[in-house]
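Have a look at the structure below, then the notes.
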Amino acid sequence: MRIYLQMPANEGNPPRYHQFVLQEDLLGGWTLIKESGRQDGGGRIKREYYVSRDEAERALTKARDAQVARGYQVVFVQGERPAQSR
C-alpha cells in the first residue's frame, strides 16, 4: 500500500510531501516506510517495523490522518486492501 500527500507551494517555496509505503518483509512482518521533504530536494526516510499487517495499517492510518490535519492533501493512493468477503 502506498499513500502520497502534498502541501501546496507557498510564497515561492516548493511543495512539501509525505509518502507512506507499507511492505511485507520476508519473515511475515511489516515495514512502514515514511518519507518526507521538499519536492525539489532529497527527503528524510524513517522505517518502522510491525509484527502484523493490522498493526502496521493502524500506524499508517494514524500517520496519514496526522498529516491531513496539518493541511496536507492526499494526492495518490495505491494498493488499498480489498473489502473482505462475507
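Observations on the model:
- Test for V51: is it of a type in the set (V, I, T), open to solvent by 30 Å² or more (accessible area, probe 1.4 Å) and touching a strand residue (DSSP E or B) at 6+ places or on another chain (Cβ under 7 Å): no
Residue-wise test of (1) in a loop (DSSP other than H, G, I, E, B); (2) free of Cβ contacts under 8 Å to residues at least 12 places away in the same chain; (3) of a type in the set (S, T, N, Q).
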| residue | (1), (2), (3) |
| --- | --- |
| L5 | no, no, no |
| Y17 | no, no, no |
| V21 | no, no, no |
| L27 | yes, yes, no |
| T31 | no, no, yes |
| K34 | no, no, no |
| G37 | no, no, no |
| D40 | yes, no, no |
| R44 | no, yes, no |
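The values are calculated or read from the model by the stated rules, or taken from the named source; none is laboratory data. Keep in mind that what you see is a predicted model, and the values were worked out from it rather than measured. Cβ coordinates were reconstructed from backbone atoms using ideal geometry, including for glycine residues, and neighbour counts include every protein chain displayed. What goes into the accessible areas is simple: the full protein's heavy atoms, side chains included, and nothing from ligands, DNA or RNA. Shrake-Rupley method; radii C 1.70, N 1.55, O 1.52, S 1.80 Å.
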